[in-house]
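Working notes for the structure below.
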Amino acid sequence: MTAPRHAAHLAQLNVATLRYPLDDPRVAPFVDMLDPVNAAADGAPGFVWRLVEDGAADATGLRPAGEDVIVNLSVWETQEALWDFAYRSGHLEVMRRRREWFARHVEAHMVLWWVPAGHLPTVGEAMERLADLRANGPSPRAFTFASSYSEAEAAPHLQAAPPTV
Amino acid sequence: MIAVLQDPVRRRLYEYVAAQGREVGRNEAAEAAGVARTLAAHHLEKLTEAGLLDSGSRRLTGRSGPGAGRPAKVYTRARAERSVSLPARDYRTAAELLAEAAEEAGLDAGLRAAARRRGEALRGPAPACGGLEEVMEVLAGRGYEPRLEAAADAGSAGDADGGEGVGEGEGVGEGDGAEGGAAGEAERVVRMRNCPFHAVAESFPPLVCGMNLALLEGLIGTDGPVRARMDARPGECCVVVELSKNNED
């Protein structure tokens, strides 16, 4: 990784409840897209880091939010970089077909927050941010694309660990 | 704003600059509109004042230092959206609210079915598009601003911005569905510079881009030699249209 050009980076957590187990043929199209889409993320402009299970190519084996819930945790240089990857790359096709594989969430299933550049968030920390968003709505500590906060607005909350909710 | 575009020369200049999707200098615009450079400059400035074009300056020759001359003025279509509605209507807010509700309720499949039906209705009794040239015409008529581009290798998301110089306009006709590893055959695809649903698509990308794909599938037909598929890139419509290589799949 080169020297950070931004003082803060944007962290992202996504949780998705599988409708069927990952080895079910109905989820196969999703599983087939995992490697190419993850490779696209790794090579995307502004990509910093993504959570990977030890010894695996991705994080789908980690189930910190429930047995049938897969998580996606990553860090990006800017919000635009994350947006362009999420919605202006091959990842959009995964998103378009999301209802085929994932249950609809009533509560927020995606959360964004700023971290000091160089800090890699833990799963526990990420789950707390999601809980914060669900409990308190969007704030500089935990927000969404539709209700985002700038790096500057989040500056007072830029500690490595989230405040206790 | 409507008045600004009433002058036919001005309108030609605007349409030319808008269609290029890149910076256009005064000489080029004047030539395209068939008017003198000074007249073109006057109208281009009026269009900029009205907020329909953005202007900047750029050394077009690539030279610099003494003798390179002053930087030339260049124009692009303004990024801001303009719409005129008399009497006042606000379909944008309605679209956003409906999209928000559809997103929350998970109505993607129903929305796509409606979009496909609408696309088919717009196509009417005509058969599926027979080739990329026909696709270009249909898409242009819906405001997508299509252009032919050499197909990049699958997966290369690079910003190959080579739209120009690709098309000699020779029939993209049916057939020779280059099987296997024929890497030499310069295949072409239709890409679209404009997303007609831009604002709502930015707010609800999977929902609205999925709707757009279904609409286009209905519009060009899914039982002909061309197919639409998702291939999103920054700053453009998320769909690409290409010859279906093999009709099974």
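The values are calculated or read from the model by the stated rules, or taken from the named source; none is laboratory data. Nothing here was measured: the structure is a model prediction, and the numbers come from that model. Positions of Cβ are backbone-derived with ideal geometry, glycine not excepted, and every protein chain shown enters the neighbour counts.
Below is a table of values for the structure above.
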| quantity | calculated |
| --- | --- |
| Filtered residues of segment B:209-248 (kept if farther than 13 Å from A:R88 by Cα and hydrophobic (A, V, I, L, M, F, W, C)) | B:M211, B:L213, B:A214, B:L215, B:L216, B:L219, B:I220, B:V226, B:A228, B:V241, B:L243 |
| Those residues of segment A:10-36 which are more than 18 Å from A:R99 (Cα to Cα) and touching a Ser or Thr at 6+ places or on another chain (Cβ under 8 Å), in sequence order | A:L10, A:A11, A:Q12 |
| Test: residue in segment B:98-112 that is more than 11 Å from chain A (Cβ to nearest Cβ) and either assigned to a loop (DSSP other than H, G, I, E, B) or closer than 30 Å to B:T38 by Cβ (or both) | no |
| In segment A:96-113, the residues that are in contact (Cβ under 8 Å) with a residue 24 or more places away in the chain and either more than 14 Å from the chain's Cα centre (by Cα) or not in a strand (DSSP E or B) (or both) | A:R97, A:R98, A:E100, A:W101, A:F102, A:A103, A:H105, A:E107, A:A108, A:H109 |
| Residue match in segment A:81-95 (condition: part of a loop (DSSP other than H, G, I, E, B) and either in contact with a His (Cβ under 6 Å, 6 or more places away or on another chain) or under 17 Å from A:A11 (Cα atoms) (or both)) | no |
| Restricting segment B:201-238 to residues that are touching an Asp or Glu at 6+ places or on another chain (Cβ under 7 Å), in a strand (DSSP E or B) and within 13 Å of chain A (Cβ to nearest Cβ), the residue that is farthest from B:G131 (Cα to Cα) | B:M230 |
| Segment B:70-88, subset basic (K, R) and modelled with pLDDT of 80 or more, residue farthest from the chain's Cα centre (by Cα) | B:K73 |
| Residue in segment B:173-194 that is modelled with pLDDT of 90 or more, part of a loop (DSSP other than H, G, I, E, B), farther than 21 Å from B:L243 by Cβ and in the same structural domain as B:G130 (by TED's automatic domain parsing) present | yes |
| A:L120 being more than 14 Å from chain B (Cβ to nearest Cβ) and surrounded by fewer than 19 Cβ atoms within 10 Å (Cβ to Cβ) | yes |
